[in-house]
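The values are calculated or read from the model by the stated rules, or taken from the named source; none is laboratory data. Values in this document were obtained by computation on a predicted structure and should not be read as measured data. Ideal geometry is used to build each Cβ from the backbone, glycine not excepted, and the neighbour counts take in all protein chains shown. Surface accessibility is based on the protein's heavy atoms, side chains included, excluding ligands, DNA and RNA. Shrake-Rupley method; radii C 1.70, N 1.55, O 1.52, S 1.80 Å.
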Amino acid sequence: MHERENMKIKAAIFDADGTLLDSMGQWNLVPYKYIKSLGVDADENIAEKLFAMTISEAAEYIIDEYDLSVTAEEAVEGMDAIIREFYQNEVGLKEGARELLEYFKMREIPMVIGTSTDRDCIEVGLERMGLSSYFDRIYTSTEVGKSKAEPDLFLQAMDFMASAPEETIVFEDGLYSLKTAAALGMKTVGIFDEVSIANQKELKELADLYVSEGESLVCLIEGLEG
């Protein structure tokens, strides 16, 4: 684990996919599977172009890019159906996720989810893994109306938890959203995920704490206690 500094925190914002839930690999397949289901040849690497988008933004993009004869709402519903089945039946946890959440719970530090994934999928995934009770609220980019490349979601979460940026820690596998949190002055934790491997050098340099490939999230506890 890379550690930049010790920290005292009063609130925590957790991304879900690629941070707590081991799900990013499946997300890479969703737009590809959906486009193929319509009988259209899809770029196997299309997920790289959609990584920072909400599912609604992704729907608009693939409709334009592949000239699909569906509405944005139909595309969202189609992709949601594919991914929802995964969350209901297959999704697992990143190693050490439960222990890390228990650490915050025992210290009565409020926690929320801040995710680019729509609420129904995240709720199903958290319920499947028995994590729902750890979180006071779920914030989604779709409901906020902005991706995590913008500060709105983080600002709303901090307002809810009544915490200042320097008192709030953000756990993320996505470089774009960690940049947003860091720019606000929040404490940041970068989590390795295979899907984001190209961004790991920059993610590690930016984050106050970093969990590298093969490490359990439990290793963060030492850095958090500082």
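Below is a table of values for the structure above.
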read-out: Which listed residue is within 20 Å of residue 109 (Cβ to Cβ), among the charged types (D, E, K, R) and open to solvent by less than 40 Å² (accessible area, probe 1.4 Å), from 208, 193; value: 208
read-out: For residue 215: the one exception among (1) open to solvent by 10 Å² or more (accessible area, probe 1.4 Å); (2) within 15 Å of residue 15 (Cβ to Cβ); (3) outside any helix (DSSP H, G or I); value: (2)
read-out: Given (1) touching a Gly at 6+ places or on another chain (Cβ under 9 Å); (2) under 23 Å from residue 99 (Cα atoms); (3) not in a helix (DSSP H, G or I), index of the condition residue 178 fails; value: (3)
read-out: Residue in region 106-117 that is in a helix (DSSP H, G or I) and open to solvent by less than 30 Å² (accessible area, probe 1.4 Å) present; value: no
read-out: Any chance residue 86 is on the phi < 0 side of the Ramachandran plot, in contact with a strand residue (DSSP E or B) (Cβ under 8 Å, 6 or more places away or on another chain), assigned to a helix (DSSP H, G or I) and surrounded by 15 or more Cβ atoms within 10 Å (Cβ to Cβ); value: no
read-out: Residue 152 vs. criteria surrounded by 19 or more Cβ atoms within 10 Å (Cβ to Cβ), out of contact with any Leu (no Cβ under 7 Å at 6 or more places or on another chain) and of a type in the set (Asp, Glu); value: no
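For every residue, the table says whether it meets (1) within 13 Å of residue 33 (Cα to Cα); (2) of a type in the set (D, E, K, R); (3) in contact (Cβ under 8 Å) with a residue 12 or more places away in the chain.
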position: 45; (1), (2), (3): yes, no, no
position: 51; (1), (2), (3): no, no, yes
position: 58; (1), (2), (3): no, no, yes
position: 74; (1), (2), (3): no, yes, no
position: 81; (1), (2), (3): yes, no, no
position: 84; (1), (2), (3): no, yes, yes
